[in-house]
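The values are calculated or read from the model by the stated rules, or taken from the named source; none is laboratory data. Just so it is clear, the model here is predicted, and its values are computed rather than measured. Every residue, glycine as well, gets a Cβ built from its backbone with ideal geometry; the counts of neighbours run over all protein chains shown.
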Amino acid sequence: MALIDLSKKEVHCKIVYYGPGRCGKTTNLLYIYNAMNANARGKMLTIETKGDRTLFFDLLPLNLGKVNGFEIKIQLYTVPGQAIYAATRKLVLKGVDGLVFVADSLRVRQAKNIESLEDMKANLLEQNIDPEEIPIIIQYNKRDLVSTPIPTLDLEELDRDIKSRLDTLTFEAAATKGAGVFETLKEISKRTVRYVAEKNLVSKKQK
């Protein structure tokens, strides 16, 4: 859950990268980590396993500078994609303020994309979070493979599978090369900070 510290003029937000196993969630965070100045990021924590890179989660703290005089501090998390880690995904989602759903462009992962998206929506609803209200951005990753012999999904198919189930902004990306990574991060950060600010202002007015 977001924390607004008025005394320190800081806003702390939690953004989770969600998606099927090996879709590129961790790759997004690694690219961000390596590209950002050391003063703007904390230490990246990763627990790896053989079946899926992330067993529990990746955590990458970022300092995105000031907005309206407030320091914006964001923690980026990923969740493991494999079905056996359902409980872990629910745990990592606790207190989430914004999400990036990373869909895999490989045709062989088509069913897993849909399964993971429905899993995310169900887990949010279980925590009384409306998927239509919380900031969510869709990233279509591995678009660099479209021009290779590897069978991939075209954008129309991805839209039909993903965007039709969650109507929000989409970004094309090739996370291993950094394409679309910061565009995705910038948009979800902007939406999340706005969402957090509005939610906190409303809750304070209600009190």
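Numbers below:
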{"item": "Residues within region 147-171 that are surrounded by fewer than 16 Cβ atoms within 10 Å (Cβ to Cβ) and hydrophobic (A, V, I, L, M, F, W, C), tallied", "result": "3"}
{"item": "Scope region 8-18; condition over 14 Å from residue 195 (Cβ atoms) and modelled with pLDDT under 85; matching residues", "result": "8, 9, 10"}
{"item": "Residue in region 124-142 that is modelled with pLDDT of 95 or more, assigned to a helix (DSSP H, G or I) and closer than 25 Å to residue 30 by Cα present", "result": "no"}
{"item": "Residues that are without any contact (Cβ under 8 Å) to a residue 40 or more places away in the chain and in contact with an Asp or Glu (Cβ under 8 Å, 6 or more places away or on another chain), drawn from region 140-158", "result": "140, 143, 155"}
{"item": "Where residue 101 falls short, out of the listed (1) at pLDDT 90 or above; (2) among the hydrophobic types (A, V, I, L, M, F, W, C); (3) outside any strand (DSSP E or B); (4) in contact with a helix residue (DSSP H, G or I) (Cβ under 8 Å, 6 or more places away or on another chain)", "result": "(3)"}
{"item": "Check on residue 166, touching a residue at least 40 places away in the same chain (Cβ under 8 Å), within 21 Å of residue 16 (Cα to Cα) and in a loop (DSSP other than H, G, I, E, B)", "result": "yes"}
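Yes or no, residue by residue, for (1) of a type in the set (Lys, Arg); (2) within 16 Å of the chain's Cα centre (by Cα); (3) exposed (fewer than 13 other Cβ atoms within 10 Å of the Cβ); (4) more than 14 Å from residue 192 (Cβ to Cβ):
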{"residue": "61", "(1), (2), (3), (4)": "no, yes, no, yes"}
{"residue": "80", "(1), (2), (3), (4)": "no, yes, no, yes"}
{"residue": "102", "(1), (2), (3), (4)": "no, yes, no, yes"}
{"residue": "113", "(1), (2), (3), (4)": "no, yes, no, yes"}
{"residue": "125", "(1), (2), (3), (4)": "no, no, yes, yes"}
{"residue": "133", "(1), (2), (3), (4)": "no, yes, yes, no"}
